[in-house]
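Everything below concerns the one structure shown next.
The values are calculated or read from the model by the stated rules, or taken from the named source; none is laboratory data. Just so we're clear, the structure is a prediction, and the values are computed from it rather than from any experiment. Positions of Cβ are backbone-derived with ideal geometry, glycine not excepted, and every protein chain shown enters the neighbour counts.
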There are 2 protein chains.
Amino acid sequence: MNIGDFKILKKDSRTKARRGRLMTAHGPVETPVFMPVGTQATVKAMSPHEMESLGCRILLGNTYHLNLRPGMDIMEKCGGLHKFMGWNGAILTDSGGYQVFSLTDLRKITKEGVEFQSHVDGARHFLGPREAMRIERILGSDIAMVLDECIPYPCEKNYAAKSVARTIEWAKICRDEPHAEGQLVFGIVQGGIYPDLRERCGQELVKIGFNGYAIGGVSVGEPEDVMIQGVEQGIAALPEDKPRYLMGVGVWTQLVESVARGVDMFDCVMPTRLARNGTAFTRAGRYPVKAAVYKDDLRPIEEGCTCYACTHFTRAYIRHLLNVNEILGARLLTTHNLHCFLRFMEEMREAIEQDRFPEFRERISSEYKTIDKAHAQKK
Amino acid sequence: MNIGDFKILKKDSRTKARRGRLMTAHGPVETPVFMPVGTQATVKAMSPHEMESLGCRILLGNTYHLNLRPGMDIMEKCGGLHKFMGWNGAILTDSGGYQVFSLTDLRKITKEGVEFQSHVDGARHFLGPREAMRIERILGSDIAMVLDECIPYPCEKNYAAKSVARTIEWAKICRDEPHAEGQLVFGIVQGGIYPDLRERCGQELVKIGFNGYAIGGVSVGEPEDVMIQGVEQGIAALPEDKPRYLMGVGVWTQLVESVARGVDMFDCVMPTRLARNGTAFTRAGRYPVKAAVYKDDLRPIEEGCTCYACTHFTRAYIRHLLNVNEILGARLLTTHNLHCFLRFMEEMREAIEQDRFPEFRERISSEYKTIDKAHAQKK
């Protein structure tokens with residue numbers, strides 16, 4: 001396979017789910033894939049070698065944060081993000097747009113891009129499509145996302161239409177900018193909750209031509225059914241033979257539903273962020289490890305789990321560590337949660353390969369609950 | 001060797017330094033030894049397996065903290081501290097006295113012990129010699145320290161004398177209490193800056209008879225020469241054939257000077273605490289990794305170092321992690337600092353074995369500087 005090739009290994013016969021392989025400059029990525037988030041050049045609490053041991057082959061870096069700290073002068077001198085953080089797997093970088101647009105009171109959008117103030121020191125910066133591509137080129141990520149405008153929910157159609165036009169224009173500029181060697185570029189379908197805007201955006205992006213396409217501006221506060229519609233509408237105009245990436249979604253039922261509609265890639269801070277807040281993910285749902293009921297529970301975080309945390313430590317110990325704010329608590333729970341997410345995706349890939357994805361989907365929707373009361377009661 | 005045996009393998013011919021081996025219920029400990037501190041059932045930022053990889057064979061647990069959280073009910077149900085934290089090496093536990101006496105405004109000392117309020121929730125607790133021994137018995141440490149009163153510096157002789165009498169009385173009670181299987185018990189020589197009190201305290205403790213003896217109440221704010229005198233006075237009355245432990249000291253020149261006077265064991269939070277503040281220890285001195293001068297420095301934290309951090313990551317990267325408060329920064333610098341301390345002790349042991357300890361001592365006193373300006377200039 002050449003860099004950028006996306007091979008569909010198997011299509012589910014009853015849904016639109018696909019089992020694929022995307023070749024990057026740092027090796028192949030098996031899809032559907034969940035990409036852990038490494039915002040500031042580290043997946044929080046984890047070492048790159050631990051990420052490798054977990055079977056992670058691609059992670060996310062954040063352009064906005066890395067551009068502020070350490071900054072691109074340092075990044076360039078350090079030879080790019082892979083070398084800087086000691087990670088030999090693939091990296092996808094966002095464009096920084098999402099973070100910049102989130103700084104509602106600190107930014108000003110123009111045709112050229114966004115003027116904004118740093119959340120760190122208030123310094124003024126400018127981010128346009130050329131600037132985003134330059135940063136991502138220096139980072140040297142395997143997949144660079146174009147700069148797009150991520151509109152809020154709700155958003156008037158008038159503004160959404162203008163924004164989509166801008167997103168398409170920026171996408172063109174991004175496509176034409178120079179990229180790092182072997183760097184793939186993904187376009188981002190926007191359009192909010194408006195099917196015609198999403199369709200038009202997708203069509204225009206496909207005309208420009210990208211190595212893959214993301215669906216952006218979903219999971220920004222809208223109800224789940226609206227979100228799933230957004231995914232369907234976003235995919236409608238996209239070619240079969242390119243990977244599709246649903247940005248910022250990590251709820252398991254939503255992952256499965258999106259895969260059933262043809263999505264190949266995901267990222268979300270949930271497994272890492274919630275770990276630091278003391279929430280464990282399991283195949284049966286999530287639960288708060290800090291709860292008193294686990295204070296002398298000698299079982300692992302998840303029974304039957306083969307991760308480092310579960311094969312060496314008890315709930316009682318990890319609960320203690322979390323309660324007294326010990327770093328090891330965040331480490332162990334992050335390890336478990338990432339293991340849990342990556343195994344979940346592995347099982348989903350196997351289910352597609354073995355033509356039993358609909359059964360897998362059915363099981364997840366019926367079994368997975370957001371809060372697993374059974375955990376506490378089972379004791 | 002039987003549990004509790006202390007074998008002196010080699011005596012330096014020109015100083016009082018000794019190279020020894022102390023047998024604990026969890027294996028032998030090679031002395032002189034530096035014991036990393038694992039206050040709350042974890043060496044901060046480290047996993048027990050990483051501690052093992054660093055060559056650590058004994059670490060410290062804190063009775064005061066562990067008694068408050070998770071508490072001894074949980075500890076007992078979890079089978080003691082080794083099982084609780086997944087550590088198979090030796091553990092030395094303090095008696096909690098030092099922490100309790102530090103709560104100046106929250107405690108009241110009587111003949112029976114100390115009444116104090118928890119720093120966590122203000123709850124009232126009582127710690128006497130029997131209570132300390134009971135806690136350490138439940139913790140199941142390999143070495144239990146007796147409850148002593150650690151007086152401040154300066155301290156009037158009148159109070160110091162009363163305090164020493166109390167410390168001796170408590171030591172007797174501690175010796176007579178039941179202990180965990182294979183648990184060694186160490187007495188603690190107090191007496192402040194008064195040689196006669198230190199001597200009397202040592203003599204009385206030896207009469208009671210312990211598996212080892214600590215020198216307490218040093219490095220509590222007194223000048224370094226007074227501290228070193230305290231070590232000499234503390235050791236004066238102690239038997240040759242038992243290990244001597246200097247509590248809370250970690251400055252390298254002080255370690256060497258104390259070993260030259262016959263000390264075998266040390267503990268200190270410095271390598272771990274200062275790592276979290278961004279200070280790196282090296283053979284040439286310590287330096288602040290966060291300093292701007294290291295922002296694009298592609299060298300490891302310490303050139304030639306074989307630790308995980310130094311063989312995989314640059315100063316530029318670790319500086320970035322520390323500056324943006326990423327857990328991995330604390331992990332990597334803690335790993336390096338502990339490696340550095342443990343290798344330093346290893347070299348000291350080798351120097352004694354090879355009869356070149358005085359040369360080692362000379363080199364350390366002349367080379368080691370607290371702040372290594374050379375680091376920044378060398379670039």
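The table below lists the values:
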read-out: Any hit, the stretch A:174-183, residues being buried (at least 17 other Cβ atoms within 10 Å of the Cβ) and under 19 Å from the mean Cα position of the chain (by Cα); value: yes
read-out: The stretch B:285-299, subset assigned to a loop (DSSP other than H, G, I, E, B), loosely packed, with under 15 Cβ neighbours inside 10 Å and more than 10 Å from chain A (Cβ to nearest Cβ), residue farthest from the chain's Cα centre (by Cα); value: B:Arg299
read-out: Matching entry among A:Thr370, A:Thr272, A:Thr335, A:Thr306 (being out of contact with any helix residue (DSSP H, G or I) (no Cβ under 6 Å at 6 or more places or on another chain) and at pLDDT 95 or above); value: A:Thr306
read-out: Residues (buried (at least 19 other Cβ atoms within 10 Å of the Cβ) and part of a strand (DSSP E or B)) located in the stretch B:7-23; value: B:Arg18, B:Arg19, B:Gly20, B:Leu22, B:Met23
read-out: Any hit, the stretch A:7-30, residues being among the hydrophobic types (A, V, I, L, M, F, W, C) and within 14 Å of chain B (Cβ to nearest Cβ); value: no
read-out: Residue in the stretch B:65-80 that is surrounded by fewer than 23 Cβ atoms within 10 Å (Cβ to Cβ) and away from chain A (no Cβ under 14 Å) present; value: no
read-out: Residue check, A:Glu353 surrounded by fewer than 19 Cβ atoms within 10 Å (Cβ to Cβ), under 26 Å from A:Arg261 (Cα atoms) and either aromatic (Phe, Trp, Tyr) or at pLDDT 95 or above (or both); value: yes
read-out: Lone unmet requirement of (1) touching a residue at least 12 places away in the same chain (Cβ under 8 Å); (2) over 25 Å from A:Val37 (Cα atoms) for A:Ala292; value: (1)
read-out: Filter result (closer than 26 Å to A:Tyr294 by Cα, under 16 Å from the mean Cα position of the chain (by Cα) and either of a type in the set (S, T, N, Q) or assigned to a helix (DSSP H, G or I) (or both)) within the stretch B:24-73; value: B:Thr39, B:Gln40, B:Thr42, B:Asn62, B:Thr63, B:Tyr64, B:His65
read-out: Selection count, the stretch A:308-341, where residues are part of a helix (DSSP H, G or I), in contact with a Phe, Trp or Tyr (Cβ under 9 Å, 6 or more places away or on another chain) and hydroxyl-bearing (Ser, Thr, Tyr); value: 2
read-out: Residues that are under 27 Å from the mean Cα position of the chain (by Cα) and aromatic (Phe, Trp, Tyr), drawn from the stretch B:300-320; value: B:Tyr308
read-out: Within the stretch B:205-250, tally of residues that are hydroxyl-bearing (Ser, Thr, Tyr) and within 26 Å of B:Gly182 (Cβ to Cβ); value: 2
read-out: Helices (runs of 4 or more DSSP H) enclosed by the stretch A:88-194 - at least 2 residues per element that are among the acidic types (Asp, Glu); value: A:129-139, A:157-176
read-out: Pairs with Cβ under 7 Å, 6+ apart, first in the stretch A:40-58 and farther than 21 Å from A:Tyr245 by Cα and among the basic types (Lys, Arg), second at pLDDT 95 or above and part of a loop (DSSP other than H, G, I, E, B); value: A:Lys44/B:Glu326
read-out: Per-region count, the stretch A:195-216, residues part of a strand (DSSP E or B) and closer than 23 Å to A:Glu112 by Cβ; value: 1
read-out: Residue within the stretch A:86-99 that is of a type in the set (Phe, Trp, Tyr), touching a residue at least 12 places away in the same chain (Cβ under 8 Å) and either within 14 Å of chain B (Cβ to nearest Cβ) or under 18 Å from A:Ile135 (Cβ atoms) (or both) present; value: yes
read-out: Which listed residue, of B:Thr282, B:Thr335, is within 14 Å of chain A (Cβ to nearest Cβ), hydroxyl-bearing (Ser, Thr, Tyr), touching a residue at least 24 places away in the same chain (Cβ under 8 Å) and buried (at least 19 other Cβ atoms within 10 Å of the Cβ); value: B:Thr335
read-out: Residue match in the stretch B:100-117 (condition: within 13 Å of chain A (Cβ to nearest Cβ), surrounded by fewer than 23 Cβ atoms within 10 Å (Cβ to Cβ) and in contact with a His (Cβ under 9 Å, 6 or more places away or on another chain)); value: no
read-out: Qualifying residue in the stretch A:145-152 (condition: over 19 Å from the mean Cα position of the chain (by Cα) and in the same structural domain as A:Ala237 (by TED's automatic domain parsing)); value: no
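Quick grid of which residues meet (1) surrounded by 19 or more Cβ atoms within 10 Å (Cβ to Cβ); (2) charged (D, E, K, R); (3) touching a Leu at 6+ places or on another chain (Cβ under 7 Å); (4) at pLDDT below 95:
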position: A:Gln203; (1), (2), (3), (4): no, no, no, no
position: A:Val206; (1), (2), (3), (4): no, no, yes, no
position: A:Pro223; (1), (2), (3), (4): no, no, no, yes
position: A:Glu232; (1), (2), (3), (4): no, yes, no, yes
position: A:Leu238; (1), (2), (3), (4): yes, no, no, no
position: A:Leu246; (1), (2), (3), (4): yes, no, no, no
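Yes/no matrix, rows are residues, columns are (1) touching an Asp or Glu at 6+ places or on another chain (Cβ under 6 Å); (2) farther than 21 Å from B:Ser47 by Cα:
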position: B:Phe281; (1), (2): no, no
position: B:Gly285; (1), (2): yes, yes
position: B:Tyr308; (1), (2): no, no
position: B:Leu321; (1), (2): no, no
position: B:Val324; (1), (2): no, yes
position: B:Leu333; (1), (2): no, no
position: B:Asn337; (1), (2): no, no
position: B:Phe357; (1), (2): yes, yes
